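Comments concern the structure below.
The values are calculated or read from the model by the stated rules, or taken from the named source; none is laboratory data. Keep in mind it's a predicted model, so treat the numbers as computed, not measured. Using ideal geometry, Cβ is built from the backbone for each residue, glycine included, and neighbour counts are taken over all protein chains shown. Accessible surface areas use protein heavy atoms only, side chains included; no ligands, DNA or RNA. Shrake-Rupley method; radii C 1.70, N 1.55, O 1.52, S 1.80 Å.
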Amino acid sequence: MSRIVLTEFISLDGVIEEPRWTFQFERGPEGHKFKFNELFDADALLLGRVTYQGFAAAWPSMGNDDFGKRMNSIPKYVASSTLTDAEANWGPTTVIRDDVVAEITKLKDQNLGNLLVEGSSQLAQTLIRHGLIDEYRLMLFPVVLGAGKRLFPPEVNEAATLALTEAKPDRDGVMLLTYHPAPAKAPAADAEPA
């Protein structure tokens, strides 16, 4: 069974939109290792159209090191109803056009390894809303932006508790956080029925 791993640069107030605001921070060697490991642990990228097109415009010219080579060669799945096959030309790319939740659920049922979601705010919120994320890898920056697209949707189908499985500080107050969905807790044995 495949796992969906979501990675984001995130502000203290939950903003993930256009992370140029992260450039003012030095994330340090642990931050570089965090990003390197998640990419090399992934078996494919799972992206929204806007992120895919932004990456496809930038990464082919940055493919000189191991990270760039991996970004360019890793298989990609793109959720989009508008991306044409001709536009889906950045390395091996499969476009998911219909019923994104059902199609991604089918991908999870296959043995594809880790599917890494980067950026892709609309896709991320859809996956969160439907409980499809297996791991959250957040690079938390010490800044409050006040406005912008947020990681978590304003409404979810069901409340979810996350378990913090790793937390490391890095330079400039940046935190490297890993969460997994927490197992549901059984009601206490001495709890009275409602």
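Quick grid of which residues meet (1) touching a residue at least 24 places away in the same chain (Cβ under 8 Å); (2) out of contact with any Asp or Glu (no Cβ under 7 Å at 6 or more places or on another chain); (3) closer than 16 Å to R137 by Cα:
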{"residue": "E26", "(1), (2), (3)": "yes, no, no"}
{"residue": "E30", "(1), (2), (3)": "yes, no, yes"}
{"residue": "F67", "(1), (2), (3)": "yes, yes, no"}
{"residue": "P75", "(1), (2), (3)": "yes, yes, no"}
{"residue": "D99", "(1), (2), (3)": "no, yes, no"}
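Looking across the stretch 133-151, the residues that are out of contact with any helix residue (DSSP H, G or I) (no Cβ under 6 Å at 6 or more places or on another chain) and in a loop (DSSP other than H, G, I, E, B) come down to D134, V143, V144, L145, G146, A147, G148, L151. Looking at the stretch 56-113 only, could you name the residues that are among the hydrophobic types (A, V, I, L, M, F, W, C) and assigned to a loop (DSSP other than H, G, I, E, B)? Answer for the stretch 56-113, where residues must be among the hydrophobic types (A, V, I, L, M, F, W, C) and assigned to a loop (DSSP other than H, G, I, E, B): I74, L83, A86, A88, W90, L112. The residues on offer are D41, D65, and the sole one that is under 18 Å from the mean Cα position of the chain (by Cα), on the phi < 0 side of the Ramachandran plot and loosely packed, with under 15 Cβ neighbours inside 10 Å is D41. Look at (1) open to solvent by 40 Å² or more (accessible area, probe 1.4 Å); (2) of a type outside the set (A, V, I, L, M); (3) more than 27 Å from V143 (Cα to Cα); (4) free of Cβ contacts under 8 Å to residues at least 40 places away in the same chain and you find that F36 fails only one, number (3).
Among the residues of the stretch 68-102, the one identified as surrounded by 15 or more Cβ atoms within 10 Å (Cβ to Cβ) and among the acidic types (D, E) is E87.
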